Amino acid sequence: MNINNALDKAYTDKPLNELLTAPVDALKGVSESDAAALKQAFNITTIGDLANCKYFQWAQAIQMLAATEKA
């Protein structure tokens, strides 16, 4: 996976540890208004905050488990 495809150009040369503290709108496709909405709704301001948000982690877990669930 080329992580640069997921980042705005200003962040493509940053080490992964530094990206955790980068603003969430450093992710390609996340606008400043999206970032403001994430901050207001979930107090998410950084990529690390987004990754650690329990609601997003729960949603990912449900999605992964649903793929293995028998109907």
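Any read-out appearing in this document is the output of simple, stated calculations on the displayed coordinates, not a laboratory observation. These numbers were taken from a predicted model, which means no experiment stands behind them. Because the Cβ atoms are built from the backbone with ideal geometry, glycine has one as well, and the counts that use them run over all protein chains shown.
Values as computed for the structure displayed
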{"quantity": "Positions within region 20-38 being of a type outside the set (Ser, Thr, Tyr), surrounded by fewer than 15 Cβ atoms within 10 Å (Cβ to Cβ) and either within 13 Å of the chain's Cα centre (by Cα) or under 17 Å from Ala10 (Cα atoms) (or both), in sequence order", "calculated": "Lys28, Gly29, Glu32, Asp34"}
{"quantity": "Pair list, Cβ < 6 Å and 6+ apart or interchain, from region 48-71 residues that are closer than 15 Å to Leu38 by Cα to residues that are surrounded by 12 or more Cβ atoms within 10 Å (Cβ to Cβ) and not aliphatic (A, V, I, L, M)", "calculated": "Cys53/Phe42"}
{"quantity": "Looking only at region 1-15, and only at residues there that are in a helix (DSSP H, G or I) and touching a residue at least 12 places away in the same chain (Cβ under 8 Å), the one that is farthest from the chain's Cα centre (by Cα)", "calculated": "Ala10"}
{"quantity": "Qualifying residue in region 45-67 (condition: surrounded by 11 or more Cβ atoms within 10 Å (Cβ to Cβ) and basic (Lys, Arg))", "calculated": "no"}
{"quantity": "Matching residues, region 39-71, being assigned to a loop (DSSP other than H, G, I, E, B) and either in contact with a strand residue (DSSP E or B) (Cβ under 9 Å, 6 or more places away or on another chain) or over 25 Å from Lys9 (Cβ atoms) (or both)", "calculated": "Asn43, Thr45, Cys53, Ala67, Thr68, Glu69, Lys70, Ala71"}
{"quantity": "Given (1) part of a helix (DSSP H, G or I); (2) on the phi > 0 side of the Ramachandran plot, number of the condition Glu18 does not satisfy", "calculated": "(2)"}
